[in-house]
1. Note every residue of the range B:186-227 with a reduction of at least 10 square angstrom in accessible area, all protein chains present versus the isolated chain, computed with a 1.4 Å probe, or write none.
2. Under the rule of at least 5 residues apart or a separate chain, name every residue whose amide H is placed under 5 Å from the amide H of B:A238.
3. For chain A, with only Lys/Arg (+1) and Asp/Glu (-1) charged at the beta-carbon, what is the dipole magnitude about the Cα centre, in debye rounded to 20?
4. Quick one: Karplus J couplings for the range A:250-261, per residue in order, coefficients 6.51, -1.76, 1.60, θ = phi - 60°, nearest Hz, x for Gly and Pro?
5. Which parts of the range B:127-152, residue by residue, lose 50 Å² or more of accessible area when the rest of the protein chains are there, as against the chain isolated (1.4 Å probe)?
6. Please compute the modelled spin-label separation between B:R197 and A:T237, points set 7 Å along Cα→Cβ, answer in nm with one decimal.
7. Regarding chain A, what whole-number volume in Å³ per residue does the convex hull of its Cα atoms give?
8. With springs only between Cα atoms under 10 Å apart, run a GNM on chain B and tell me which of B:N146, B:N244, B:N175 wobbles the most.
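The values are calculated or read from the model by the stated rules, or taken from the named source; none is laboratory data. Because the structure is predicted, anything quoted here is derived from the model rather than measured. Ideal geometry is used to build each Cβ from the backbone, glycine not excepted, and the neighbour counts take in all protein chains shown. We work out accessible area using only protein heavy atoms, side chains counted, and drop any ligands, DNA or RNA first. Shrake-Rupley method; radii C 1.70, N 1.55, O 1.52, S 1.80 Å.
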Amino acid sequence: MTEPLQPPAKKNPQLRSPLAFLPPVPRSRAALGLTARAAEGRFALQQCAECGAVQYPPRDACCKCLSTDLPWTDQPPHGELIAETTVRISPDLYFRNQSPWRMGTVRLASGVSVLCHLHGDVRKGPVRLALLLDRAGQGTIMALPEQEVPNMADDPQLRELGTSPKHRRVLITDARAANAPALVRALLDAGAAMVFVGESEGWRRWPGRAALDAMERVEIVPLDVTDSASVREAAGTLGGKTDILINNAVFLRPGGALDRSDTVFAQQELEVNYLGLMRLAQAFGPAMRARGGDGINSAAAWVNILSANALAADPTHAGYSAASAAALSLTQSLRADLRGGGVRVMTVLTGPTDDEWYAEAPPPKLAPRAVARAIVDGLERGLEEVACGDIARDLVERWRQDAKVLERELAEGAGR
Amino acid sequence: MTRMPYDGVVLTAPFTVPYQRYSNDAAHFWAAKGLRGTLDAAGLRPDQIDGFSVASFSLFPDTAVGLTQHLGLGPRWLDHIPMGGASGVVALRRAARAVQAGDADIVACVAADTNQIDSFRKLLTAFSRFAMDASYPYGSGGPNANFALITDYYMSEYGATREDFGHLAVAQRANALRNPNALMKTPLTMQQYLAARPIADPVALFDCVMPCAGAEAFLIMREDEARQRNLPFARIGATIERHNAFAEDPVQLRGGWAVDVDELWQMAGCGPADMDLVQTYDDYPVISVMQFEDLGFCEKGEGPAFLRERDLTVTGDLPHNTSGGQLSAGQAGAAGGFIGLVEAIRQVTGTAGPTQVADAGRALVSGFGMINYDRGVCSAAAVLSGESA
């Protein structure tokens, strides 16, 4: 039985903050395929294109027929736990701190044996498998109970492999964004200890402020991502207690590159979507990276909500697509920077949202609640890549299949 | 095709460099000590050997090649054997054939490793690609965790108990107390074995070897050469070697020996009951039990019952790992793949001193190595006999 996770005790400021150690990082190139699938929350292994044999550990050639064509293929996430141990002594600093650590051998129906982490409620017999990123951001396999059990997510090993908001403090950067109320609600429901919501230009009135301000465990704080001093000031107050940062600040105006004769909107789009992220990263990144090992409410995740057109431009939103692409690129660098502290960076790619700036876009459009759900789910599973909604998923899929074909498809309807 | 016997080739000049828990010196230092020891034992100069075989984990960035220049050797036959616990028997197999074929006259086989503080952790983090990708990130227990899973599976499959494994560990400690070079110096009781600190359940402290620095070495030459030099020698009755056997087994319950065991005894012209002593590869007791089973001493799964009835000490009815084995003498890296072989040469040549088994004529030596992912991949065995046997 998993014990319910208790809120963290008050920190003793005289003690040194626990360091963020990482589990072993090195992997072969083939094994990074596991990491890539874990980042999306898929359970996939290599499967030989010629003879169909499932391979594990990841290989460069099939151990049955020597084919070198081993595509990653989704597998039934089920197996049987046949041997187990509790590692009590490890020379690795991360596992020394996490000790004892349960692991075992799970036999898959496909005939491969998988060494994996074990959830505390798993016993020998049937198990469900999940491919999860560990604190080093590398894909690892964990055996979970077949059925949901009480307090399942509170298992210490499973929690290490996720970035759950439970008992953590979250900063949402833009209170005025359409998705802010739904995000706050979803995070509180997921057990967040506190949600800070950034508000720029506090003198401007806006609907919904009173409702947000009245909520328990919610605090509206001054924060303008286009103002370096404001971001620094907010980090000065909140930097040491921001466990999860969700950057939902966005600015966009529809229009192609030739639709205007100036760069005013393009600059504003870069100011908010790209430079805003840069300012937040510079101000909040170092403190979060330093607090990656800080116990139950350690710094855990950074979430960027971006247009899926960061991957391939929508010519009817030329400036916004470009700014989103810049932000996506910076997100990748930020991920590398925060990795040393065990802090996850999650990219949430969205399709057209249901608001005035996408009035011309045909449905389906993304509802704020759907974005909030996807983010909380992604945090709980510790994902790095989330495509939110049918349009974003479809676009990511097409981009993977053929980026050039997608570019041509997206060009339809533009340039008239 | 029937395999050619090892007629006319012998093993001689067994030498053990006393182990140290930690050493500041490099593997090259330990290899030199081992090589000089075996040469001195045979009264040879370095320029009198023309074959050199090396096993080591800690020579990096060197291999046997770098060691030739480092030690000033000019061999016409050179081998490097990265097979850990199987490297002794494998070195023997290759060198013996080289001498038999005339490619070399005298081959020095040396296994040497250093153990600097923290070098064991570094070895584990990059032991093999599969271990790095798919085993070490899961708790980083190293071989303790791998063998815990194998032991757990073996216990649940065959009903073995911790006492069964303790029986081996306790007997080996008794043997080690006769060996002045063994790192473990105090007696071990079954109660102490059972009450030991858990390391990776069900593996506890006395199931684990102690990494250390050390070297083991011996020479292979023609029998007439050994006689001419008046060196006591051991003959090779039979050998086997196998890699990645039973890859489909969900967890390792048997090793490659089980594939080749009939050939081993057929070639040797004798059987398990004829062995005066047995040297298994004992990085964990469970794997020694498997070797008794797979090498024909008893049926699969009956190892615990078979061994329970036997006295495994030097003076017992089935002397086993007479120098204390790795469990009680220490695991000097790749030299752990030589410890049983070098001791067996001493035994059948009657030069084992305090650990000498009375009338030791025939010995079985078994090697096992390289937990590449979830199981040991390399297995090997050899039957040796003394001049008189």
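1. B:R197, B:P198, B:I199, B:A200, B:D201
2. Distant-sequence amide H within range of B:A238: B:V383.
3. Numbers: 47 positive and 49 negative charges, 266 e Å.
Result for chain A is approximately 1280 debye, rounded to the nearest 20.
4. Here the 3J(HN,Hα) series is 8, 9, 8, 9, x, x, x, 5, 8, 6, 10, 10 Hz.
5. B:R129, B:F130, B:M132, B:D133, B:P137, B:Y138, B:G139, B:S140, B:L149, B:D152
6. Between A:T237 and B:R197, the simple spin-label model gives 4.9 nm.
7. Details: hull volume 64.2 nm³, N = 416.
Considering the Cα atoms of chain A, their hull volume per residue is 154 Å³.
8. With Cα springs under 10 Å in chain B, the top fluctuation among B:N146, B:N244, B:N175 is at B:N244.
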